[in-house]
Amino acid sequence: MSHSVVITRTTTTTSGNPGFMYNSGYLKTFPGLLKLAQLILGAICVGIVAWYFRTHYNGTPELFFLLMTTTFLIGTFCLLLSCLVSWSTGGIISKTIYELIYHAVAFLLLLIASIILLVEVTNYRFGSNLKEAYLAASIIGIVNAGLYLISALMANRHYRGL
């Protein structure tokens, strides 16, 4: 019986502390760049909505959007951090069902939250600054949902071994 073996080379970098090493090569991979982009876009969405939320709270769509973006910002940060701190996490976690489920749920909930906020902004009167800010946040949320969809499709391929 023959077996095929895939060998992946990973670059590690040590900091000034000889006991701490991190996997800097993960950020050079497509999944690593996707997680970094999701993290940055999520932080932008949270920042925009949180800034206006404290003085202009108008209802449930803003709260739902803020909760979903914050939830997946924290989750993506934990995934990215674990892949950067551990040499083996990036290769192992992509082969599990967890990453597929996480990214699929993130895609669905972020898309729903972004569309609800977009509909709210276009149907009701807001001040011009608030409308522009929420419009930008909802569009960035839709783009971020698209990135989570790409991650879910990639996770599905890795999980199935394709």
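The values are calculated or read from the model by the stated rules, or taken from the named source; none is laboratory data. Being a predicted model, the structure only gives us computed values, none of them experimental. Reconstructed Cβ throughout: ideal geometry from the backbone, glycine too, with neighbour counts over all protein chains shown. SASA here: full protein model, heavy atoms, side chains in, ligands and nucleic acids out. Shrake-Rupley method; radii C 1.70, N 1.55, O 1.52, S 1.80 Å.
If you go through region 92-107 one residue at a time, do you hit one that is modelled with pLDDT under 90 and in a helix (DSSP H, G or I)?
yes
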Look at region 37-48 and say how many of its residues are over 22 Å from F126 (Cα atoms) and either exposed (fewer than 15 other Cβ atoms within 10 Å of the Cβ) or without any contact (Cβ under 8 Å) to a residue 40 or more places away in the chain (or both).
2
Note on region 49-66: residues of a type outside the set (S, T, N, Q), open to solvent by 40 Å² or more (accessible area, probe 1.4 Å) and in contact (Cβ under 8 Å) with a residue 24 or more places away in the chain are W51, Y52, H56, F64
Return the residues of region 127-162 that are more than 17 Å from the chain's Cα centre (by Cα), among the hydroxyl-bearing types (S, T, Y) and either outside any helix (DSSP H, G or I) or over 16 Å from K95 (Cα atoms) (or both); say none if nothing qualifies.
S128, Y134
Residue pairs qualifying under the 8 Å Cβ cut-off, at least six apart or on distinct chains, with the first in region 113-141 being surrounded by 18 or more Cβ atoms within 10 Å (Cβ to Cβ) and the second being among the acidic types (D, E), are L117/E62; E120/E62; Y134/E62; Y134/E120
